[in-house]
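Asker: Shown below is the structure under consideration.
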Amino acid sequence: MTDTNAQGYITLDNGEKLHLFGISTGGVFTDGSEAEVYVKDIAGNQSQLWKVAEGRVITEIAIQAADGSILTTCKIYSPKGGVIASWRGNERTASDTVYNLRVKGLAIPIFKGTIMKLNTAD
């Protein structure tokens, strides 16, 4: 297994954008394993998604992995562990696409315990 650098943002219903990254890995995700995504708020504080945005609604998600890497899946889990939403990403090349995944027009509420996970491949 190799590692893939990935980052992105989510937009909330109030227009705020939160930076997404892998907390203990510095944005590096081990290919083939699903890993939780953490966020940084406007002040640079890092935390789990629900701790920063509880009570808000996700309206957009954008994820970018390293050139030539594939975002296999992006999933949002409920506090009870069920999948609320799931998307498949694509391969991003330096000249081809900006994002591995960009989804607009969402209305996903964030409750206490809501998390997001990514799975990547190289």
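The values are calculated or read from the model by the stated rules, or taken from the named source; none is laboratory data. The structure presented is a predicted model; accordingly, all values stated were derived computationally and were not measured. Ideal geometry is used to build each Cβ from the backbone, glycine not excepted, and the neighbour counts take in all protein chains shown.
Asker: If I ask for residues that are closer than 20 Å to residue 52 by Cα, among the small types (Gly, Ala, Ser) and not in a strand (DSSP E or B), which ones from the stretch 68-122 would you list?
Answerer: Hits for the stretch 68-122 are 78, 81, 113.
Yes or no, residue by residue, for (1) closer than 16 Å to residue 8 by Cβ; (2) touching a residue at least 40 places away in the same chain (Cβ under 8 Å):
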| site | (1), (2) |
| --- | --- |
| 64 | yes, yes |
| 73 | yes, yes |
| 87 | yes, no |
| 100 | yes, yes |
| 111 | no, yes |
| 120 | yes, yes |
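Asker: Return the residues of the stretch 4-34 that are touching a Ser or Thr at 6+ places or on another chain (Cβ under 7 Å), part of a strand (DSSP E or B) and modelled with pLDDT of 75 or more; say none if nothing qualifies.
Answerer: 6, 11, 12, 17
Asker: Under the condition of being assigned to a helix (DSSP H, G or I) and touching a residue at least 12 places away in the same chain (Cβ under 8 Å), which residue from the stretch 44-61 is farthest from residue 19 (Cα to Cα)?
Answerer: By that ranking, first place goes to 50.
Asker: Then there's this: Would you call residue 58 at pLDDT 90 or above and among the aliphatic types (A, V, I, L, M)? I'd like the intermediate steps shown before the answer.
Answerer: Values: at pLDDT 90 or above: yes; among the aliphatic types (A, V, I, L, M): yes.
When the stated conditions are applied, residue 58 passes them.
Asker: Name the residues in the stretch 85-102 that are modelled with pLDDT of 95 or more and surrounded by 14 or more Cβ atoms within 10 Å (Cβ to Cβ), would you?
Answerer: 85, 87
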